Structures are given as C-alpha cells and as structure tokens.
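The structure appears right after this line, and notes come after that.
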Amino acid sequence: HVLVATHLNVQPGECIKVKGKIFPEAKRFAVNVGKDSGNLMLHFNPRFDSHGDVNVIVCNSMEDGRWGTEEREADFPFQQGDKTEICISFDTTELTVKLAGDKEITFPNRLGLENIEYLSVDGDFAIKAIKFS
Ligand SMILES: CCCO[C@@H]1O[C@H](CO)[C@@H](O[C@@H]2O[C@H](CO)[C@H](O)[C@H](OCc3cn(Cc4cccc(C#CCN)c4)nn3)[C@H]2O)[C@H](O)[C@H]1NC(C)=O
C-alpha cells in the first residue's frame with residue numbers, strides 16, 4: 001500500500017479528497033474506502049494496462065474479503081504522468097466519485113455502511129495530499 005488510514009469517521013455528505021501524481025509508466029492504481037481492508041464500500045481502480053483492461057476504471061465492493069460484481073466505466077479522465085484529484089463522498093444509497101473535468105461516477109453503497117473508517121491508496125500513484133472536508 002501507498003497509504004492506509006484507519007479509525008476515520010467520514011460521515012455521509014463529507015468528501016475524501018485524494019490529490020497526487022500518476023506515475024509516467026502507471027499500469028494501475030486503486031483508492032479503497034470502507035470499514036476495513038476486507039469490507040470496502042468502494043475499490044476504485046483505474047487501469048491503464050492491467051488484467052487485460054486498457055484505460056478502464058473498474059469499481060467494485062468487497063464484503064468479508066469477497067469481491068462483489070465489478071462495474072466498468074468507459075470514461076477515463078486519467079493520463080499517465082498527470083496530476084489528478086478525486087473526491088469520494090457517499091450517502092446510504094450510493095457513493096459518488098468526482099473526477100477531473102467535472103466527470104462523476106456513482107457506485108451503489110452495497111454494504112449500507114453509515115460511515116467510512118478506512119482509506120487505502122495502492123499502486124502507481126504518488127500522493128500529494130489527502131483532505132477530508
Ligand atoms: C474474465 C474472467 C476473470 O475476470 C477477472 O478476474 C480478476 C480477478 O478477480 C479481476 O481482477 C481483480 O479485480 C478486483 C476488482 O474487482 C481487484 O481490482 C483485484 O485486484 C486487487 C488487488 C489490489 N492490489 C493492490 C494494488 C492495487 C492497485 C495497484 C497495485 C499495483 C501495482 C504496481 N503496478 C496493487 N493488488 N491486487 C483484481 O485482481 C478482473 O478485473 C476480472 N476481469 C474481468 C473482465 O472481469
């Protein structure tokens with residue numbers, strides 16, 4: 001992991017902002033939020049070239065260590081080597097990921113968690129700042 005933050009208490013409507021730079025030769029990176037590493041409301045996984053996916057954002061959830069059903073997003077507002085910022089917020093029904101260029105992705109809140117305690121960032125990404133607002 002590049003970063004793991006635990007014992008958070010992010011409430012619905014609040015925003016987790018992750019700012020950083022994508023490696024020039026990035027294959028993939030991931031931002032995970034949820035209760036802990038085995039219970040993720042959202043695994044947000046942009047793939048530049050990974051698992052046979054090219055320039056696809058794969059989103060999924062994980063419950064008790066088991067992956068849910070993936071959702072793939074064709075919009076891919078990421079470039080290798082670029083700085084980027086994503087903002088994750090949620091309510092009881094869905095998560096919203098605000099991306100560069102006013103792009104937005106939603107994902108169902110399958111676990112029905114009422115707060116986010118866990119954040120991790122993995123992969124080919126250099127974190128500049130994490131902001132909770
Ligand atoms: C077609 C039949 C088969 O279907 C495939 O089956 C695979 C296995 O289930 C799925 O792949 C899994 O997909 C899951 C989401 O669902 C997860 O992303 C999981 O990765 C977890 C994971 C996290 N980390 C840490 C980390 C994170 C980010 C960067 C790095 C790095 C680096 C230095 N370059 C490391 N390592 N592994 C992935 O393996 C494929 O999508 C799926 N494909 C389709 C089309 O369906």
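A short reminder: the numbers here are calculations on the coordinates, not readings from a lab. Here the structure is a predicted model, which means the values were calculated and not measured. We place every Cβ from the backbone using ideal geometry, glycine too, and count neighbours over all the protein chains shown.
Is there any pair linking a residue in the range 25-44 that is away from the ligand (no atom under 11 Å from the Cβ) to one that is of a type in the set (Gly, Ala, Ser), with Cβ under 7 Å and at least six apart or on different chains, and which? Taking only residues 6 or more apart or on different chains, the pairs are Gly38/Gly65; Met41/Gly34; Met41/Ser61.
Considering (1) in a strand (DSSP E or B); (2) under 18 Å from Phe125 (Cα atoms); (3) not acidic (Asp, Glu), the lone condition that Met41 does not fulfil carries the number (2).
Would you call Leu111 closer than 19 Å to Glu14 by Cβ and surrounded by fewer than 18 Cβ atoms within 10 Å (Cβ to Cβ)?
yes
Would you check if there is a residue in the range 7-15 being within 16 Å of the ligand (Cβ to nearest atom), surrounded by 15 or more Cβ atoms within 10 Å (Cβ to Cβ) and not in a loop (DSSP other than H, G, I, E, B)? No - not one qualifying residue is present in the range 7-15. Remark: Pro77 matches the filter, which requires a residue to be surrounded by 14 or more Cβ atoms within 10 Å (Cβ to Cβ), touching a helix residue (DSSP H, G or I) at 6+ places or on another chain (Cβ under 7 Å) and not charged (D, E, K, R).
Evaluate the range 105-120: report whether one residue or more is in a strand (DSSP E or B), among the hydroxyl-bearing types (Ser, Thr, Tyr) and touching a helix residue (DSSP H, G or I) at 6+ places or on another chain (Cβ under 9 Å). Scanning the range 105-120 turns up no residue that is in a strand (DSSP E or B), among the hydroxyl-bearing types (Ser, Thr, Tyr) and touching a helix residue (DSSP H, G or I) at 6+ places or on another chain (Cβ under 9 Å).
Name the residue that is nearest to Arg28 (Cα to Cα), counting only residues in the range 63-85 that are in a strand (DSSP E or B) and within 8 Å of the ligand (Cβ to nearest atom). Within the range 63-85, the match that is nearest to Arg28 (Cα to Cα) is Arg72.
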